[in-house]
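Enquirer: Structure provided below as structure tokens; questions to follow.
Quick note: the coordinates plus some simple rules give every number you see, no bench work behind them. All of these numbers come straight from a predicted model, not from anything done at the bench. Positions of Cβ are backbone-derived with ideal geometry, glycine not excepted, and every protein chain shown enters the neighbour counts.
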């Protein structure tokens, strides 16, 4: 379908068509499409823009990744579809490993998502051959690699469900979530929650890496002063303000 | 996938799986899945329950349908997937015609959605052979039948996009919308907006038909006293209250 550039929701319609295409290609799951719609609704309520509190959380997340011994980015179908190149860039400049983890896991889909990330520039993608398990979650999402998720001390989980976010925390990891719903279980459980759309969040994170790489005191102070609960509250207030504006 | 009944979002997960299945069967479009996700997010914010203001709008909508000369229910892929039997029941007791109208229209999908409605009990489904056009919208959504949408004076549009809702209004029709986003263009444009989930809204409407069929003064007073803008405002306030509860 050709979307007119005049349509009030042009950008979001184009992304929808991309996801629909990658669903047909077997990369994005059908329930992943529904999850994207949920995100769209919250982003709409947030004004489809990065709010100052999200920008703060993005810097804090980068600070955690730079402080980590084994930082890792967990990638699912929607993330691979929406911003594969940005994920690769972030993984290179931190540097952080990439592991693919799918809610609806089949060998075929695993291969597709891993191959897609490689086609988009990833030199090494973990996840095809799991040799470990993450405790506390049912389904094949628990499958992971020793070298990747099992060993990681800081895990960035863009677009994650509550069960897995909680399991990662119970395994003792610092969890950095990107989630447009400030009330979700993932948002509430995570160490740092970025309430922002993933295609805006990752580039913002990339932008803050250079400064935080050299300025150790800044990154430590970002971590020590950050209050995730207070930050989430600001996102909620922003949504309410926007809702009542009309 | 088997969904555990203990899961906090059991009902919504089951509906997701149903839509994913009907997407594979060619009934629900891929962008329809994303639209469903948007609705899910708003329903979550509304507490996944019918609020008193939604119940009021449901009665008013039924009153309008009973007062109409040519009431019609417009059905798309998501509506046919989510509550086909309820749509058939409502169409029988009002009585109202049913016409299928698809955003992503192909002859094949038209046939599937019409046949699905017939398999679910609809005796007559319009839309397969359009012989008229609704002015003011691009794409094949404008195709309709003279006997159905063109002639209708009151149209119930569950899950409609803003362009079509506005085109129906410009054609001089009373538009009754079911839309979980109280800020959407459809919600703002409609004569009556029901901010409720469609599988709850249609049964509620059915429940109010008997009384309103006999009580003419009640149905006229419902219509004359209803203020759509004020009703929408109440839904917005309800969302904000819920957001700030946590």
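Enquirer: Output the number of residues of the stretch A:128-172 satisfying the condition of being under 21 Å from residue A:92 (Cα atoms) and without any contact (Cβ under 8 Å) to a residue 40 or more places away in the chain.
Expert: 3
Enquirer: Tell me whether the stretch A:61-74 contains one or more residues that are within 30 Å of residue B:28 (Cβ to Cβ) and within 13 Å of chain B (Cβ to nearest Cβ).
Expert: No, that holds for no residue.
Enquirer: Looking only at the stretch B:220-233, how many residues end up being part of a helix (DSSP H, G or I) and surrounded by 17 or more Cβ atoms within 10 Å (Cβ to Cβ)?
Expert: Step one: filter the stretch B:220-233 for residues part of a helix (DSSP H, G or I), giving B:220-225, B:228-233.
Remaining after also requiring surrounded by 17 or more Cβ atoms within 10 Å (Cβ to Cβ): B:222-223, B:228, B:231-232.
Matching residues across the stretch B:220-233 total 5.
Enquirer: A further question follows. Inspect all residues belonging to the stretch A:124-141 and state whether any of them is under 22 Å from residue A:19 (Cβ atoms) and surrounded by 21 or more Cβ atoms within 10 Å (Cβ to Cβ).
Expert: In the first step, residues of the stretch A:124-141 are kept if they are under 22 Å from residue A:19 (Cβ atoms); the result is A:125, A:127, A:141.
Next, only the ones that are surrounded by 21 or more Cβ atoms within 10 Å (Cβ to Cβ) stay: A:125, A:127.
So far as the stretch A:124-141 goes, yes, one or more of its residues are under 22 Å from residue A:19 (Cβ atoms) and surrounded by 21 or more Cβ atoms within 10 Å (Cβ to Cβ).
Enquirer: Would you pick out the residues in the stretch A:27-50 that are within 12 Å of chain B (Cβ to nearest Cβ), over 16 Å from the mean Cα position of the chain (by Cα) and over 20 Å from residue A:9 (Cα atoms)? Please lay out each step first, then the result.
Expert: Our first condition is that a residue be within 12 Å of chain B (Cβ to nearest Cβ); within the stretch A:27-50, this holds for A:28-47.
The next check asks that each one be over 16 Å from the mean Cα position of the chain (by Cα); those that pass are A:29-31, A:34, A:41, A:44-47.
Those that are within 12 Å of chain B (Cβ to nearest Cβ), over 16 Å from the mean Cα position of the chain (by Cα) and over 20 Å from residue A:9 (Cα atoms): A:29, A:30, A:31.
Enquirer: Considering only the stretch A:14-25, how many residues are more than 16 Å from residue B:26 (Cα to Cα) and more than 8 Å from every other protein chain (Cβ to nearest Cβ)?
Expert: Summing the residues that are more than 16 Å from residue B:26 (Cα to Cα) and more than 8 Å from every other protein chain (Cβ to nearest Cβ) in the stretch A:14-25 gives 4.
Enquirer: Just one of the numbered conditions (1) within 14 Å of chain B (Cβ to nearest Cβ); (2) closer than 11 Å to residue A:54 by Cα; (3) touching a strand residue (DSSP E or B) at 6+ places or on another chain (Cβ under 8 Å) is not true of residue A:234; which one?
Expert: Condition (3) is where residue A:234 drops out.
Enquirer: So, one more: Just give me the residues in the stretch A:155-188 being within 14 Å of chain B (Cβ to nearest Cβ) and under 21 Å from residue A:51 (Cβ atoms), in sequence order.
Expert: Within the stretch A:155-188, A:159, A:179, A:180, A:181, A:182, A:183, A:184, A:186, A:187, A:188 meet the criteria.
Enquirer: Related question: Answer yes or no as to whether residue A:200 is surrounded by 14 or more Cβ atoms within 10 Å (Cβ to Cβ) and either away from every other protein chain (no Cβ under 14 Å) or not in a helix (DSSP H, G or I) (or both).
Expert: On the way: surrounded by 14 or more Cβ atoms within 10 Å (Cβ to Cβ): yes; either away from every other protein chain (no Cβ under 14 Å) or not in a helix (DSSP H, G or I) (or both): yes.
It is true that residue A:200 is surrounded by 14 or more Cβ atoms within 10 Å (Cβ to Cβ) and either away from every other protein chain (no Cβ under 14 Å) or not in a helix (DSSP H, G or I) (or both).
Enquirer: For residue B:207, indicate whether it is without any contact (Cβ under 8 Å) to a residue 40 or more places away in the chain, out of contact with any helix residue (DSSP H, G or I) (no Cβ under 7 Å at 6 or more places or on another chain) and surrounded by fewer than 24 Cβ atoms within 10 Å (Cβ to Cβ). Lay out the reasoning, then the answer.
Expert: Numbers: without any contact (Cβ under 8 Å) to a residue 40 or more places away in the chain: yes; out of contact with any helix residue (DSSP H, G or I) (no Cβ under 7 Å at 6 or more places or on another chain): yes; surrounded by fewer than 24 Cβ atoms within 10 Å (Cβ to Cβ): yes.
Spelling it out, residue B:207 is indeed without any contact (Cβ under 8 Å) to a residue 40 or more places away in the chain, out of contact with any helix residue (DSSP H, G or I) (no Cβ under 7 Å at 6 or more places or on another chain) and surrounded by fewer than 24 Cβ atoms within 10 Å (Cβ to Cβ).
Enquirer: Within the stretch B:95-109, can one find any residue that is away from chain A (no Cβ under 14 Å), touching a helix residue (DSSP H, G or I) at 6+ places or on another chain (Cβ under 7 Å), under 17 Å from residue B:213 (Cα atoms) and surrounded by 23 or more Cβ atoms within 10 Å (Cβ to Cβ)?
Expert: no
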